[in-house]
1. Filter region 96-113 down to the residues that are surrounded by 14 or more Cβ atoms within 10 Å (Cβ to Cβ) and not hydrophobic (A, V, I, L, M, F, W, C), then identify the one that is nearest to D70 (Cα to Cα).
2. On the basis of being in the same structural domain as V239 (by TED's automatic domain parsing) and of a type in the set (A, V, I, L, M, F, W, C), does C145 make the cut?
3. Please go through (1) within 21 Å of the chain's Cα centre (by Cα); (2) surrounded by 12 or more Cβ atoms within 10 Å (Cβ to Cβ) for M142 and return the number of the only condition it doesn't satisfy.
4. What's the number of the only condition in (1) surrounded by fewer than 16 Cβ atoms within 10 Å (Cβ to Cβ); (2) over 30 Å from T233 (Cβ atoms) that H194 fails to meet?
5. Provide a single number: the residues in region 202-217 that are closer than 19 Å to I170 by Cα and either part of a loop (DSSP other than H, G, I, E, B) or of a type in the set (V, I, T) (or both).
6. Name the residue, out of C187, C89, that is in contact with a Pro (Cβ under 7 Å, 6 or more places away or on another chain) and among the hydrophobic types (A, V, I, L, M, F, W, C).
7. Hey, can you tell me all the residues within region 226-252 that are more than 6 Å from ligand 7 (Cβ to nearest atom) and charged (D, E, K, R)?
8. Condition first: within 16 Å of ligand 8 (Cβ to nearest atom), in contact with a strand residue (DSSP E or B) (Cβ under 9 Å, 6 or more places away or on another chain) and in contact (Cβ under 8 Å) with a residue 24 or more places away in the chain. Can you find one or more residues in region 185-208 that meet it?
Amino acid sequence: MNRIKLLGEKIPDQVKRLLIPVLVVIAAFVVMRHILVPSDFGKYGHYRASAIDEVASREIKYSGHKACEDCHDDVVEMKKMSYHRDVTCEACHGPAAAHTQDPDGNQLPAPKGRGYCPLCHEYLPSRPTGFPQIVTESHNPMKPCISCHDAHDPKLPYLPKECEACHAEIARTKALSHHVYLSCTRCHETPEEHKVRPRDYHPDKPSTREFCGECHAEEAPAPKEITRIDMATHGEGYVCWQCHYPHLPEVH
Ligand code: HEC
Ligand code: HEC
Ligand code: HEC
Ligand code: HEC
Ligand code: HEC
Ligand code: HEC
Ligand code: HEC
Ligand code: HEC
């Protein structure tokens, strides 16, 4: 007893002062618990019991994709086997509860333009590698996506060719450039093994100015439509790709 009392006497002033805010907080908590917290809070769990009725009374807007099967089994069947099997109907067509009740009175929109599909397919570094992505600006511009890909069974209109299968970005860039008709292997001599073990076998890369000069030098024996430069003075001292990206060489 004596010891405790002694200790009590020794409690420093600043600790006693600290007790005041602690008591204020406890008092505030008790007051708020009774005034601010709704009375039905905690009846079933850590939420208001009446929230259930409120949510349940909201208008139902989505019907779920099972509802579509009754009337659109052809589309449902097709999509089931496709790359879009995990994309629900309403992700593209919007909330369809009203439509399923009265199809003729409530037509559904369909995303026919180029704006919608890129929400999932636009290239983003954070998307998993391997997820099919495009750069909308350069991927077959102007035409609607659905003119080449069926939205319910999206496929590639043709299988990518050899180099394009792994270097799609470069292939697409080149497809829009002045070098469109140059094959990859004109500039990169590629061992067959590269296509199987790309990291162990590397293709060649041009290493000199003279390589580009084979077509662009004034005296080069290439077709005369090709723009010529004076190799002696043009970009003197630097390799050409210091200034021209070889897969999109034009200077804008
Ligand atoms: C009770 C039958 C029924 C159900 C259920 C139903 N639809 Fe329909 N749907 C129709 C009919 C009938 C039409 C044709 C309406 C018309 O031409 O005006 C139609 C048309 C459509 C169209 C085309 C609209 C257009 O302008 O071409 C889309 C898209 C569509 N439905 C999507 C859905 C989706 C998604 C679901 C499931 C969430 C669904 N439907 C459920 C009967 C149904
Ligand atoms: C990736 C987006 C996407 C998904 C998912 C999708 N649709 Fe469509 N749907 C479209 C587009 C785009 C059109 C317009 C096609 C056109 O006009 O050529 C369309 C057209 C339709 C049509 C009109 C006629 C037709 O058959 O082409 C119906 C009906 C339809 N969709 C039903 C469905 C149903 C049912 C589902 C789910 C099983 C579904 N859609 C899933 C994008 C989608
Ligand atoms: C809600 C997201 C979503 C939307 C919207 C969407 N897609 Fe897809 N798409 C996917 C998923 C998921 C896959 C399958 C990816 C996989 O298998 O790894 C896919 C796959 C594809 C593929 C790849 C097929 C292949 O052979 O690799 C194409 C092409 C495609 N979608 C086109 C479209 C088009 C055109 C539209 C618009 C009408 C569209 N997508 C809208 C999610 C979406
Ligand atoms: C003129 C036809 C055409 C149009 C229009 C078109 N595509 Fe493609 N798409 C292709 C071809 C061909 C390929 C395969 C070769 C390639 O990757 O470029 C492809 C590939 C794809 C891929 C797979 C890419 C990969 O690397 O796996 C996706 C996703 C895709 N397209 C989505 C779209 C979307 C979204 C649109 C609309 C913004 C669209 N496409 C418009 C022809 C088209
Ligand atoms: C199976 C996929 C695949 C195919 C097919 C493929 N490549 Fe590659 N390529 C790669 C990978 C992966 C790398 C990166 C290698 C590394 O970093 O070691 C690469 C690297 C390269 C390089 C850079 C080498 C360097 O030293 O920096 C060139 C050039 C190249 N590829 C050209 C081509 C050409 C041309 C073709 C078609 C004849 C082709 N590739 C086909 C996967 C492929
Ligand atoms: C006009 C000649 C030319 C053509 C055609 C060409 N390349 Fe290249 N490529 C180059 C040059 C030059 C470099 C850069 C060399 C350096 O930086 O050391 C390069 C670099 C590369 C690299 C290394 C990574 C990078 O982006 O710099 C890859 C991969 C590659 N090319 C692949 C391809 C593929 C695939 C094709 C066909 C679609 C192709 N190239 C067509 C000249 C060309
Ligand atoms: C096999 C021949 C060939 C080779 C090798 C070649 N090019 Fe080209 N280049 C062409 C053709 C064909 C064109 C399109 C016609 C034109 O615009 O001159 C072109 C266009 C260009 C243009 C655009 C000219 C303009 O009018 O705007 C530039 C820049 C260019 N090439 C740079 C290069 C560079 C850099 C290299 C080396 C990495 C290279 N080229 C290698 C054939 C070639
Ligand atoms: C120091 C930067 C630089 C270097 C290095 C360079 N270029 Fe250029 N190139 C330019 C610029 C800037 C232009 C556009 C202005 C001009 O016509 O001079 C151009 C234009 C061109 C054109 C188009 C000429 C025309 O009349 O339209 C061709 C073809 C070309 N370059 C090829 C090459 C080749 C091949 C090499 C390597 C031997 C090379 N360039 C090295 C900067 C460079």
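The values are calculated or read from the model by the stated rules, or taken from the named source; none is laboratory data. Note that the structure is a prediction, hence the values are computed from the model and not measured. In this analysis, Cβ positions are derived from the backbone assuming ideal geometry, glycine residues included, and neighbour counts consider all displayed protein chains.
1. Kept after step one, since they are surrounded by 14 or more Cβ atoms within 10 Å (Cβ to Cβ), are these residues of region 96-113: 96-100, 108, 111.
If we keep only those that are not hydrophobic (A, V, I, L, M, F, W, C) too, we end up with 99-100, 111.
Working: H99: 13, T100: 9, P111: 22 Å.
Applying the filter and picking the extreme gives T100.
2. Criteria not met by C145.
3. (2)
4. All conditions pass for H194, except number (1).
5. Going through region 202-217, the residues closer than 19 Å to I170 by Cα turn out to be 202-207, 212.
Add one more test, that the residue is either part of a loop (DSSP other than H, G, I, E, B) or of a type in the set (V, I, T) (or both), and what stays is 202-207.
Selection size over region 202-217: 6.
6. That would be C187, the only listed residue that is in contact with a Pro (Cβ under 7 Å, 6 or more places away or on another chain) and among the hydrophobic types (A, V, I, L, M, F, W, C).
7. Once the filter is applied, which keeps residues that are more than 6 Å from ligand 7 (Cβ to nearest atom) and charged (D, E, K, R), region 226-252 yields R228, D230, E236.
8. Start the filter on region 185-208 by keeping residues that are within 16 Å of ligand 8 (Cβ to nearest atom), which leaves 186-187, 205-208.
After this cut, where a residue has to be in contact with a strand residue (DSSP E or B) (Cβ under 9 Å, 6 or more places away or on another chain) as well, the list is none.
No, every residue in region 185-208 fails to be within 16 Å of ligand 8 (Cβ to nearest atom), in contact with a strand residue (DSSP E or B) (Cβ under 9 Å, 6 or more places away or on another chain) and in contact (Cβ under 8 Å) with a residue 24 or more places away in the chain.
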